[in-house]
1. Can you give me the convex hull volume of the Cα atoms of region 85-162, divided per residue and expressed in Å³?
2. Plugging the Kirkwood radius over Cα pairs into Stokes-Einstein for region 28-122, at a temperature of 25 °C and a viscosity of 0.890 mPa s, what D comes out in µm²/s?
Amino acid sequence: MPKSRKRKATVPAAPPPPRRPRPRMEYRARSDEAWYGARVVVQDGWLRVMFENSTEDADEWYNPGADFASLGDVEALRARFRRECPPLDHARCGDVRPGDKLCLACDIHGDVEELKYYDAVLETVERAAHGVEQCACRFTVRWTEGPRSGCLDKVGIEVVCCVPKSPIQDPVLSEFLDDLTKRFAEDQGTATAASQQADPTPMSEEELCGVLLSLKRAPNSSTGKP
Ligand SMILES: [Zn+2]
C-alpha cells in the first residue's frame, strides 16, 4: 500500500483555488521502448512511473541511489518523457512537412490489440484533394524506433500523431531529475576540489578497470521496488 503523504495540520477555511491539471505526458517504457501515456509520483524517494490503462504490475521504478551512475543516466531518463502527442487533425494535414518527427501506431502482429506507438520521421506526403472531415493523403514515413526501425511505410492520417517540440513541464518529474542533476554537479565539484588539493599518481589500467567494474550497475538493479 502506498504510504499516505504528510498533511498539514490545519485545514484551510476556504477551498484552495482549482489547480491547473498537470499536462498529460508520455513515457518511453523500458520494457518495450514504446511510448505510453503515464504519470509519475515520488514514493519513498523512488520515482514511480504509472502507465495509463495498466495495472500497477507494469509500473516502472527508478531508485535515485542505484539507477544513476552519471549525469548521462539522468538525462537519459529525462529523454524518456515528453508532452502528449496529439493525433494529426484531418483538417490540418498540410501542417506537417518532410523531416517532421511523428509518433505512429505500429501494428506489431497484425493485431489491433498489439498497437504500440513508436517514433518516425516524415519523408514525403502524397497530397489528395479532400474536405476537412476525412484526410485522404498518404504519408511516407521512416521509422526511427521500434521493431520496424529503419523501414519505410506508407500510412494514413489515422495512425499519425505529432511530437510536440516544447519539453514536458511536470513539477514532480522536474524536482526528481533536478535533485539528481544537482547531486552529480556537487559530486563533480567535490572531485575537482580534491584533485586540486592532491596530485595522485595516475591509476594503472588494472586499477582503473576495477573501479569501472565496481561502478557498473547490476543489470536488474532498476527493476526492484523499494
Ligand atoms: Zn490530407
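Only the coordinates and a few stated rules stand behind these numbers; no lab work does. None of the values given here were measured: they were computed from a predicted structure.
1. Cα-based convex hull of region 85-162, divided per residue, equals 85 Å³.
2. Numbers: Rh = 15.5 Å.
Answer from the Stokes-Einstein relation: 158 µm²/s.
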